[in-house]
1. Here is a check on your reading of the model: is residue B:56 at pLDDT below 95, assigned by TED's automatic domain parsing to the domain that holds residue B:163 and over 19 Å from residue B:150 (Cα atoms)?
2. Hey, among A:58, A:83, which residue is assigned to a loop (DSSP other than H, G, I, E, B) and more than 14 Å from every other protein chain (Cβ to nearest Cβ)?
3. Taking region B:135-170, which residues are facing chain A (nearest Cβ under 9 Å) and in contact with a helix residue (DSSP H, G or I) (Cβ under 7 Å, 6 or more places away or on another chain)?
4. Can you name every residue in region A:36-51 that is without any contact (Cβ under 8 Å) to a residue 60 or more places away in the chain and under 10 Å from residue A:92 (Cβ atoms)?
5. Scan the strands (runs of 3 or more DSSP E) fully inside region B:1-97 and keep the ones with 3 or more residues being away from chain A (no Cβ under 14 Å) and more than 23 Å from residue B:125 (Cα to Cα).
6. Please go through region B:178-202 and give me each residue that is in a loop (DSSP other than H, G, I, E, B) and either at pLDDT 95 or above or under 13 Å from the mean Cα position of the chain (by Cα) (or both), ordered by number.
7. Do we have residue B:81 as surrounded by fewer than 17 Cβ atoms within 10 Å (Cβ to Cβ), touching a residue at least 12 places away in the same chain (Cβ under 8 Å) and in the same structural domain as residue B:38 (by TED's automatic domain parsing) here?
8. Sort through A:133, A:144, A:158 and tell me the only one that's touching a residue at least 60 places away in the same chain (Cβ under 8 Å), outside any loop (DSSP other than H, G, I, E, B) and farther than 30 Å from residue B:102 by Cα.
């Protein structure tokens with residue numbers, strides 16, 4: 001047995017290409033689809049987006065006869081159709097954090113940045129891939145949710161609304177856009193904190209702890225401040241009407257988009273500067 | 001070719017790499033040797049641009065790593081720490097790397113076959129043994145057919161067959177004209193693989209030399225002396241830079257003097273010698289002698305073995 005015989009021969013590569021953004025986009029897509037957490041989180045997100053409203057509609061429909069007039073007045077078809085958005089956003093946010101933070105916890109970020117040492121294309125690709133897939137799944141999900149809940153409610157001919165009525169189509173579609181933006185915001189948090197638990201905690205703090213905390217403030221302060229919180233501003237884009245202490249859909253959407261842009265800008269700045 | 005100039009990196013108060021300057025030439029295997037914690041992995045991360053230096057510069061094939069439009073064709077790297085998502089299969093890990101450069105899927109399969117991971121390529125990498133992880137890392141390093149290969153402790157966790165395979169692989173890559181830079185904390189491993197050595201300790205350059213020179217330099221000036229009158233001989237030889245280590249009965253190892261110097265001193269003092277033998281330190285001893293003073297936590301004069309244990 002000779003050592004020469006066992007010398008491994010590395011096959012040569014005939015063609016060489018450079019790193020381009022479409023290639024990084026494809027690479028990030030491969031990474032995204034090839035871990036289990038993606039299917040799980042998106043599956044849970046869709047299930048909640050559709051399942052929660054179905055349950056809501058079924059219960060409303062079956063109890064309509066016994067409900068008081070006030071109760072009946074408090075139910076709106078749009079609230080029922082989009083009831084899943086508020087819970088689905090958590091699943092989407094967790095995945096958003098995870099897509100970045102898991103790269104750091106497993107160390108795969110070193111392989112990623114060795115292949116794409118300019119780094120920023122990786123962040124843009126992750127954001128774009130995630131935005132595309134969450135929109136592609138959430139738009140059908142909210143549409144299914146809207147038409148299915150309407151069908152359930154139509155059996156007793158209650159709470160019927162046309163999708164062509166003013167604002168309805170906008171609200172339904174913006175429900176999906178909101179979830180997508182929440183996912184991007186969470187991804188930016190994940191890139192800033194670089195830690196799964198920390199990223200999810202930060203997201204939960206901003207979206208689920210901060211709003212109720214505002215009620216400890218004097219009423220006038222709360223009224224003035226709360227509408228500008230990311231969660232409250234963001235949800236206006238899928239709300240039909242706004243009150244005296246909530247922003248208009250357009251203003252709320254712009255405020256929430258500004259939060260997302262700021263978080264992504266901070267993430268990008270840190271991504272370029274920090275050691276990995 | 002890798003060029004490192006006055007490279008310095010601090011982590012807080014701790015200086016991990018301290019003014020390193022060296023060049024790694026193509027066509028040979030260059031060993032990067034140093035005790036654990038001496039800054040080898042940090043240096044490699046700095047070369048790859050994963051960490052930014054506080055001072056100095058590192059370039060690969062004439063450019064900063066970050067400025068290469070196709071880095072995987074320039075440098076293939078295996079880092080010491082795992083760089084694979086535990087939930088992703090070996091195949092998809094390599095595919096994602098290949099896709100950043102538009103490298104065909106066929107190449108991914110070739111690399112998997114090359115490192116012998118064919119049967120487990122679709123398994124989650126988290127289930128891999130240390131050795132399988134190393135093989136995957138080597139496949140990732142070679143996927144772009146790079147001009148320069150940078151491997152941090154590649155034989156860690158490999159079985160003897162795997163170690164043999166890596167040795168031949170490195171030699172083969174160098175013979176093809178590539179730059180091969182491979183770190184280890186084991187001198188004996190480097191002696192079998194490397195042609196040239198860069199030795200560091202506490203982040204500082206200790207030696208930049210061929211393997212042969214390194215051994216010769218580190219092992220000179222150790223002489224075994226046997227004499228019936230050791231006490232007087234030691235009195236005669238004592239001086240700055242000279243130390244004694246008791247060997248077997250009636251003999252002593254003199255450090256810091258050549259055989260000629262010891263013989264001359266014995267003759268002029270009229271001390272009878274029964275043996276006068278220059279010692280060739282083993283590679284491991286040569287390495288330890290060189291790095292003894294540079295060991296991170298080495299107490300003054302404490303035996304190295306105790307320090308690294």
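The values are calculated or read from the model by the stated rules, or taken from the named source; none is laboratory data. Not measured: the values here are computed from a predicted model. Positions of Cβ are backbone-derived with ideal geometry, glycine not excepted, and every protein chain shown enters the neighbour counts.
1. Values: at pLDDT below 95: no; assigned by TED's automatic domain parsing to the domain that holds residue B:163: yes; over 19 Å from residue B:150 (Cα atoms): yes.
Judged against the criteria, residue B:56 is not a match.
2. A:83
3. B:140, B:142, B:143, B:144, B:145, B:167, listed by residue number.
4. A:41, A:44, A:48
5. Output list reads B:2-11, B:14-24, B:29-33, B:55-60.
6. Matches in region B:178-202: B:178, B:185, B:186, B:194, B:195.
7. Considered against the rule, which asks whether it is surrounded by fewer than 17 Cβ atoms within 10 Å (Cβ to Cβ), touching a residue at least 12 places away in the same chain (Cβ under 8 Å) and in the same structural domain as residue B:38 (by TED's automatic domain parsing), residue B:81 comes out as yes.
8. Working: A:133 fails: farther than 30 Å from residue B:102 by Cα; A:158 fails: outside any loop (DSSP other than H, G, I, E, B).
Only one candidate qualifies: A:144.
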